[in-house]
Number of protein chains: 2
Amino acid sequence: MTVYFMSPVPRGMRDFNTEVMLLRESVFSRLKTIFESFGFDPLETPIVELWETFKGKYGDEAENQMLYYFKDKLGGREMALRYDLTVPLARFMAENPNIPLPFCRYHIGRVYRYDRPQKGRYREFWQCDADIVGSAEPEAEALILKLTLEVMKQFKFKKFTINLNDRRLLRGVFETALGIKEPNQVYTLMDKLDKIGEAGLEKELKKLLEEEKVNEIMNLLKMKGRPEKVLSELLEKFPNEDVKEAADYLKKVLKLIPTENIVLNLGMVRGLDYYTGPIFETVVDEPKIGSITGGGRYDQLIAKYGGKDLPAVGTSIGVERLIDAGVELGLFTLNAKTTAQVGIVNLGVREYAWKVAELLRNSGLATRVDLMNRKEKKQSEYYRKLKIPVLVFLGEREAKAKQATVVCGKSREEVKLEDLSAKIKTFLGV
Amino acid sequence: MTVYFMSPVPRGMRDFNTEVMLLRESVFSRLKTIFESFGFDPLETPIVELWETFKGKYGDEAENQMLYYFKDKLGGREMALRYDLTVPLARFMAENPNIPLPFCRYHIGRVYRYDRPQKGRYREFWQCDADIVGSAEPEAEALILKLTLEVMKQFKFKKFTINLNDRRLLRGVFETALGIKEPNQVYTLMDKLDKIGEAGLEKELKKLLEEEKVNEIMNLLKMKGRPEKVLSELLEKFPNEDVKEAADYLKKVLKLIPTENIVLNLGMVRGLDYYTGPIFETVVDEPKIGSITGGGRYDQLIAKYGGKDLPAVGTSIGVERLIDAGVELGLFTLNAKTTAQVGIVNLGVREYAWKVAELLRNSGLATRVDLMNRKEKKQSEYYRKLKIPVLVFLGEREAKAKQATVVCGKSREEVKLEDLSAKIKTFLGV
């Protein structure tokens, strides 16, 4: 007896069968169309990068715990699987100094993180990024936010909020005005507000700061609201350079785009170390699936890889959550089991069947033939299980008369070979 | 002074800029269309697999030297990056016993090998596979070969040879008839004929075998030719069970497809351990780029992952070589620098420019706006550098009259806003 073993996929990683793939590919293709309509172009980079490319870019937690790290077998060099698509873009820009600017690229690809796998969170997952490199102007943020709004519109999400903030606002308010010495600890806690709640946050903050400051922070977090209003209040309360610069810049951004869904939220800080200016994320309010896009300006990242200091801004669309939420909302359905449009039922005339299949393929119809020498009933059962919409029956009679019997739903027609593909296309509505 | 360092990509891996990506995506998309027209459906699997999934599947050299291996940071499990797309398919089939058979899937994706990087050979590269699982009939091989011929036809390769052989033929001839004890050593050498030449092969074989057998092998390798003829000769010379079974099966395969380009070649053995029946590869004769497709039947691989013994056959299209050869043959050209169709030159009317851009995007035109606050000349220079075919100039006059000045090649026209996208589509011929 042979000893068998089952070899599953690694934890947090997934196979995608045809049904799921067809849904995912249609989502990717819709995103591609949106990206390209806004003038973004594709770029691809390796999944394996040198460890030094990632070092010092994401913050300690990501670097030490979440990166897939290994040593090159041959040269012994330290390597890692890419953690996001932003750092590889920065590395690419530094190596390609002659690219015309602004460089607008999108990238749909896999990234890897040792995360705790759960619904919508995986260790291997796809990101969809759009970035603009080379522009330090508010138009760049405006285009990225407009693109985000277009994605939400095209995918028919109605209840959502875009949280907007700016690293300069954070600095001006919490560091300069409130004089907080270890701001990163405070930001990390603020970022957890959704998880731990107001009372939880207050309790945690009190371990770090005097009560007065904690109260002030809690009040600031309540200011969340229409950007123009919150910015005016902040300018009045904290008229320092950072706050002025950020408010002025954000106002220019907001002038170019519809702002109904945009909320200025001082409590939204985004974890990654590399952001320098505006930051934003989109939260779908119903169903409660958390943020599905996130991004911001990272003006100093590219300079870390080379001489040129290039400003950059971008966003990442959490396509895994977009798909999970879309299925939950009923925006997407998993129903296609195959791309095949025609199944040929061969009643003992194999060569004729192959000839007809070739004819249909040449006319652009995805066509299956029997590959298992099966009887009529088994062939049509198989095609019906795959939900192939059109069946073509071919027997001696059809072969002699150079025709075919076409079945689609309740229709059944005998058709001359020369009219076959047109007839099928009518049935399919293509 | 900041200390800069350049961080390149790992050896044998590549960035693909927009120009190259647009070519690659068009090649992938053409391959997808062919695969789907033959009734193959997409499947995706993780790039990281458990080491045990690969163990014992590829032969010692691949397993020990060429697999990207690492230990999971958290659980300490042994992992590897996928080496091909066939083994993950086998693993998937074993885990999904209820999939309707035959399961016809294609897969275009990255694989990883510690190989010596050179032209057309990389450490991270894309494979395009089509496989049929569940059929033990010659129709399956015939469909795979027909698909291969279609790929060669669609990509306009005229001078090419499909080398056909069968593991059962090899066994019947070299093991049963010639009585060779260590056939794998001999096969490995035979596989190197192209590299080491006839004299080289003869010399190497003589180190392993007596002269008489070496002469017999060298004569057998010269029999290479039209399949029907070679099969008859082999049947006459070596009428044992394996040879009879293989010849009978191959004849059935060949009956279903055009055979002009097919050559029976006893010297083509293919390295991978898992093949059990027919094997085949396509060699492009001009330019001399070696094999660009390869595959065969592997009936016992899937059983290694689970209880069910499923027959399977497939082919892999070496898309990297296809692209490299296509560029060399002038079948592909690298010329598109962007997917953008329209560049808007904004002469101080930013809000009007954004409005027009939105209008064009909504009508399906990929449209760029200025993001850097540049002067007219810089804007149009930038668009021309990217070879964007249509420029739309918008100034005070155009904004007031609700119109636009459209420039394409030598044409320059003033157009009302409501006619703008139609006019541009006429220019673009879309």
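Derivation of every value follows stated rules applied to the coordinates shown; laboratory data play no part. Please read these numbers as outputs of a predicted model, since none were measured by experiment. Ideal geometry is used to build each Cβ from the backbone, glycine not excepted, and the neighbour counts take in all protein chains shown.
Details
- Estimated FRET transfer efficiency (A:LYS224, A:GLU182; beta-carbon r; R0 22 Å; 0.05): 0.40
- Using alpha-carbon coordinates, inclination of helix B:319-328 to the longest axis of chain B, degrees: 70 degrees
- Residues B:LYS288 and B:SER363, FRET efficiency given R0 of 51 Å [Cβ-Cβ distance, rounded to 0.05]: 0.60
- Label geometry 7 Å along the beta-carbon vector: B:MET223 inter-copy distances in nm: 8.8
- For the pair B:LEU193 and B:ARG121, label points projected 7 Å from Cα toward Cβ lie 2.0 nm apart.
- Helix B:376-385 axis, angle to chain B major axis (alpha carbon atoms, nearest 10°): 20 degrees
- With neighbour counts taken as other beta-carbon atoms within 10 Å, the residues A:ARG167, B:ARG121, A:ARG297 rank, fewest first, as B:ARG121, A:ARG167, A:ARG297.
- Among the GluC sites (Glu not before Pro) within the stretch A:164-234, those in coil by DSSP and having at most 15 neighbouring Cβ atoms inside 10 Å are A:GLU210.
- Length available on full extension from B:ARG77 to B:GLU19: 0.36 nm per residue minus the Cα-Cα distance, which gives 16.9 nm.
- Angle between chain A longest axis and helix A:241-255 axis [Cα atoms, degrees, rounded to 10]: 30 degrees
- Ascending distances from the A:GLN118 label point to its copies in the other chains, with the point 7 Å along the Cα-to-beta-carbon line: 5.2 nm.
- DSSP beta bridge pairing in the stretch B:342-428, given as percent antiparallel to the nearest 5: 60 percent
- Chain B: most fluctuating residue of B:ILE289, B:ILE162, B:ILE344 per GNM, C-alpha cutoff 10 Å: B:ILE344
- Modelled spin labels at B:LYS237 and B:LEU208, positioned 7 Å past Cα toward Cβ, are 1.8 nm from each other.
- Nearest beta-carbon to the A/B symmetry axis - residue in chain A, distance in Å: A:PHE70, 2
- Counting Cβ atoms of other protein chains within 10 Å of each residue's Cβ and taking the mean over peptide B:15-24 gives 5.
- Label-to-label distance, nm, for residues given as B:THR426 and A:GLN154 (7 Å Cα→Cβ offset): 2.8 nm
- Restriction of the trypsin sites (Lys or Arg not before Pro) in the stretch A:254-288 to DSSP coil positions whose beta-carbon has at most 10 other beta-carbons within 10 angstrom yields A:LYS288.
- For the stretch B:177-214 versus the stretch A:117-156, the spacing of their alpha-carbon centroids is 58 Å.
- DSSP bridge analysis restricted to chain B gives an antiparallel fraction near 80%, rounded to the nearest 5.
- Label-to-label distances for B:GLY330 across copies, nearest first, come out at 5.9 nm, using points 7 Å from Cα in the beta-carbon direction.
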